[in-house]
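Throughout, read-outs are computed from the coordinates displayed, never taken from laboratory work. Source: prediction; values computed, not measured. Every residue, glycine as well, gets a Cβ built from its backbone with ideal geometry; the counts of neighbours run over all protein chains shown.
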C-alpha cells in the first residue's frame with residue numbers, strides 16, 4: 001500500500017517547473033504521507049519488538065522479524081528515497097523543518113534501503129537471530145543458573161578473588177555463541193550503509209552528528225586527553241580491582257559512599273514511583289496510566305519459564321502516549337539511579353510529543369541528548385541533598401564529601417569515558433570501517449582495554465572468546481556507544497548550568513527537587529525534539545559548545561585530594 005501511495009506522489013511534474021512556494025507545498029504533501037506511514041509502521045514494529053524482548057519465544061521472534069521487514073520496506077522504499085533526494089536538490093526553497101525531515105527520511109532509509117531488498121531481508125533475519133541468542137542466553141556459575149543482576153551484584157560486593165574471577169568468566173560465556181552471527185551482521189550492516197553511499201556502517205551512524213568517523217574519533221580522543229590527568233590519578237588509586245563486567249565503571253570501591261543499606265526494606269515499586277516524583281516535582285505531568293499497565297519493571301526469578309532482555313530501556317512505542325520501560329528494578333542505589341535515568345527518556349518522549357514536532361523528528365536533537373538527559377537525572381538523583389529530601393538518607397546524615405565525589409568519578413563518569421570514548425568506538429570503527437577479521441576481534445578488544453583503560457583480563461582470552469559481544473550494544477545497538485560518552489560530557493554541562501545559574505548551589509551538592517524553574521529550563525530543551533541542530537540547542541541552553549570544561553570543574557576538588565593520596569606512587573601503567 002505504501003508503495004502505491006508514494007508512486008502517486010512521484011507522478012507530479014519535475015520540480016524545476018514549480019515556483020518556490022509550490023516546491024514547499026509538494027514537500028508538505030509528501031511529508032504528510034511519509035509521517036503517517038512512518039508512525040503506523042513504527043508502532044506495529046515496536047509492539048512486536050517489545051513482545052520479543054519481554055517474552056523470548058520462537059513465535060515472538062518470528063513476529064518481530066515479520067514486522068521488522070514491513071517497517072524496513074517502508075523506510076527503505078525506493079520511491080521515498082528518490083523523492084526525498086529530489087526535493088533536497090531544492091532545499092533553498094524549503095524551510096528548515098522540511099529539510100530536517102527529508103534528511104531524517106534518508107537516514108532511516110540507510111538502515112534498510114529497499115533498492116537492495118535481498119540485502120535488507122538478510123539483515124532483518126540476522127538481527128532477529130542475534131537478538132534471540134542474546135535475550136535467551138542462560139548464564140551459569142558452577143553449573144547453576146545465575147541472572148545478570150546476580151552477576152553484577154557479586155562483582156560489586158564479593159571480596160573473594162576466586163569467586164570474582166569465576167563470576168567474571170561466567171559473564172563472558174555468551175560471547176562465543178554470539179560471535180559467528182555478529183560477523184555476518186557486520187557485513188550486512190556495512191552493506192546497507194554502502195547501498196546509501198556511506199563508506200561503512202560506523203560512518204552512517206556518526207552522520208547523525210553531522211560528522212565523519214575521523215572527526216568523531218578525534219573529538220572523543222580530545223576529551224580523553226583533557227581528562228587523562230584525572231583518570232591516571234583515579235587509576236593509580238583503584239588499580240586492578242574490577243567491579244564491572246566490562247571495567248567500564250568502577251563502583252563500590254568507596255565504602256563511605258555505599259548507601260545500599262538505606263534502601264533495605266524498601267519495595268522495588270517505591271524505587272520507580274520515587275523516580276516519577278522527581279519529574280512531577282519539576283512540573284512535568286505524571287506518566288500515563290498505560291505506562292504502569294504495559295511496562296516490565298521487575299526481575300524474573302532464575303527458574304522462570306519466561307525469559308526477557310535484562311538491559312534497562314525505555315520505549316516510545318507509538319510515538320504518541322504509549323511509553324513503556326523494561327527494567328529489573330531491585331531496592332538498591334544502582335537501580336534507584338537507573339530508574340531515574342530511564343524515566344528521563346520517558347519524559348523526553350512526553351515533551352516532544354506535540355503537534356509542532358512531526359513524527360519523523362520525535363527524537364533527541366542528537367542521539368547523545370537522549371542518553372544525556374537520562375544521565376543528568378541519574379547524577380541529580382545521586383546528590384546527597386536530594387537523597388535526604390526523599391528520605392533515603394537521614395536529615396542528619398553527614399557525608400564524607402571526598403568519598404562521595406570519588407564514588408561519582410569511579411562509578412558514573414571518568415573510567416566510563418575511557419570505555420565509551422576509547423574501547424567501544426575504536427573497536428567498532430575497526431570492525432566496520434576497517435573490516436578487522438573476526439579471528440582478530442578478541443585480541444584487538446583487549447589491546448584497546450589495555451591501551452585506553454590500563455586494565456588486563458583476569459585470565460588469558462584467546463580468539464575462542466568474543467568478549468566484545470558480551471556487551472549488549474555490540475549486538476543490538478551497533479556503532480552507538482560513543483553516544484554515552486557524549487551524554488556524560490553533556491550531562492555535566494547541563495548540571496553545571498542548573499546548579500550555578502538556576503539553583504545557585506554547588507554542583508557537587510545540590511537539589512533539583514520541586515524546582516519548577518529547573519523543569520521549565522529542561523522542558524525548553526526537550527520539547528524541541530529533533531527540530532533544531534544539536535549544536536544550536538546546546539549553545540542556546542548553556543552558552544557553550546560541547547566540552548569537558550564542566551566535568552573537569554566538577555572533579556577539581558577530587559583531583560587535589562587524589563594528587564595528595566598518590567604522592568610517591570607510580571602514576572599510570574606501562
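Can you figure out the FRET efficiency of residue 22 with residue 293, using R₀ = 51 Å and their beta-carbon distance, to the nearest 0.05?
On the way: r = 47 Å, r/R0 = 0.92.
After rounding, the FRET efficiency stands at 0.60.
Please list, in order, the residues from region 53-87 whose amide nitrogen is less than 17 Å from a point placed 7 Å along the Cα→Cβ vector of residue 300.
Within reach of a label on residue 300, which here means backbone N under 17 Å from a point 7 Å along Cα→Cβ, region 53-87 contributes 53-64.
Given the DSSP H assignment, sum -39500 (n - 2.57) over each helix run of at least 4 residues in the chain and divide by its residue total; what's the result at 222 nm in deg cm²/dmol, nearest 500? Walk me through the numbers on the way to the answer.
Numbers: 26 runs with 334 residues, N = 574.
The per-residue figure over the chain is -18500 deg cm²/dmol.
Treating each Cα of region 110-178 as an identical point scatterer and ignoring solvent, apply the Debye formula and state log10 I(q)/I(0) at q = 0.14 Å⁻¹.
-0.56
Treat the count of other C-beta atoms within 10 Å as a stand-in for reagent exposure and order 316, 473, 340 from fewest to most.
473, 316, 340
Quote to one decimal, in nm, the extra length available between residue 158 and residue 115 on full extension: 0.36 nm per residue of separation minus the C-alpha distance between them. Walk me through the numbers before you get to the answer.
Values: separation 43, 0.36 × 43 = 15.48 nm, distance 5.33 nm.
Between residue 158 and residue 115, full extension yields an extra 10.1 nm.
Taking 7 Å along the Cα-to-C-beta vector as the label spot, tell me the residue 397-residue 57 distance in nanometres, rounded to one decimal.
Result: 4.3 nm between the two label points.
Of the DSSP beta bridges with both residues in the chain, give the percent that are antiparallel, rounding to the nearest 5.
90 percent
Which part of region 274-310 falls in the paramagnetic zone of residue 177, meaning amide N under 16 Å from the point 7 Å along Cα-to-beta-carbon?
The answer is 302-310.
Quote to one decimal, in nm, the extra length available between residue 215 and residue 239 on full extension: 0.36 nm per residue of separation minus the C-alpha distance between them.
Details: separation 24, 0.36 × 24 = 8.64 nm, distance 3.18 nm.
Stretched out fully, the residue 215 to residue 239 stretch lengthens by 5.5 nm.
Using Cα pairs closer than 8 Å and at least 6 residues apart in sequence, work out the relative contact order for region 213-565, in percent.
Working: 486 pairs, mean separation 87.9, N = 353.
Here the relative contact order equals 25 percent.
Using only Cα atoms, locate the centre of region 145-183 and the centre of region 508-540, then give the distance between them in Å, rounded to an integer.
Computed from Cα coordinates, the inter-centre distance equals 38 Å.
Report, to the nearest 10°, how far helix 174-195 tilts away from the longest principal axis of the Cα atoms in the chain, using its own Cα long axis and a range of 0 to 90°.
Its long axis makes an angle of about 40 degrees.
What would the Debye equation give as log₁₀ I(q)/I(0) for region 172-211 at q = 0.23, 0.32, 0.35 Å⁻¹, counting only Cα atoms as equal point scatterers?
-0.71, -0.96, -1.05
Hey, could you get me the Stokes-Einstein D for the chain, Kirkwood radius over alpha-carbon pairs, 10 °C and 1.306 mPa s, rounded to whole µm² s⁻¹? Show your work: numbers first, answer last.
Working: Rh = 24.8 Å.
Approximately 64 µm²/s, per Stokes-Einstein.
Take the Cα atoms of region 378-515, find their three principal axes, and give me the spread along each one in whole Å, biggest first.
Reported extents, whole Å, longest axis first: 56, 29, 24.
Diagonalise the Cα gyration tensor of region 44-121 and give the resulting equivalent ellipsoid semi-axes, square root of 5 times each eigenvalue, largest first, whole Å. Can you show the working numbers first?
Details: eigenvalues 195, 39, 9 Å².
Semi-axes (√(5λ), whole Å): 31, 14, 7.
Measure nothing but the geometry: give the 0 to 90° angle between the long axis through the Cα atoms of 78-88 and the longest principal axis through the Cα atoms of the chain, rounded to 10°.
Relative to the chain, helix 78-88 is tipped by roughly 90 degrees.
Using alpha carbons only, how many degrees (0 to 90, rounded to 10) separate the axis of helix 367-381 from the longest principal axis of the chain?
It is inclined by approximately 30 degrees.
Over region 2-136, consider all pairs of different Cα atoms and compute the Kirkwood hydrodynamic radius from their mean reciprocal separation; express it in Å, one decimal.
Details: mean 1/r = 0.0626 Å⁻¹.
Averaging 1/r across every pair of different Cα atoms and inverting gives 16.0 Å.
Give the span of region 223-377's Cα atoms along each principal axis, as three whole-Å numbers ordered largest to smallest.
Principal-axis extents of the Cα atoms in region 223-377, largest first: 52, 43, 33 Å.
What is the gain in length, in nm to one decimal, between residue 556 and residue 136 on full extension, counting 0.36 nm per residue of separation less the C-alpha to C-alpha distance?
Numbers: separation 420, 0.36 × 420 = 151.20 nm, distance 4.41 nm.
Stretched out fully, the residue 556 to residue 136 stretch lengthens by 146.8 nm.
Run the simple label-point estimate for residue 544 and residue 226 please: 7 Å along Cα→C-beta, distance reported in nm.
The modelled label-to-label distance comes out at 0.7 nm.
Just how many % of Cα pairs in region 488-574 lie over 22 Å apart, if you round to the nearest whole percent?
Details: 1486 of 3741 pairs.
That fraction is 40 percent.
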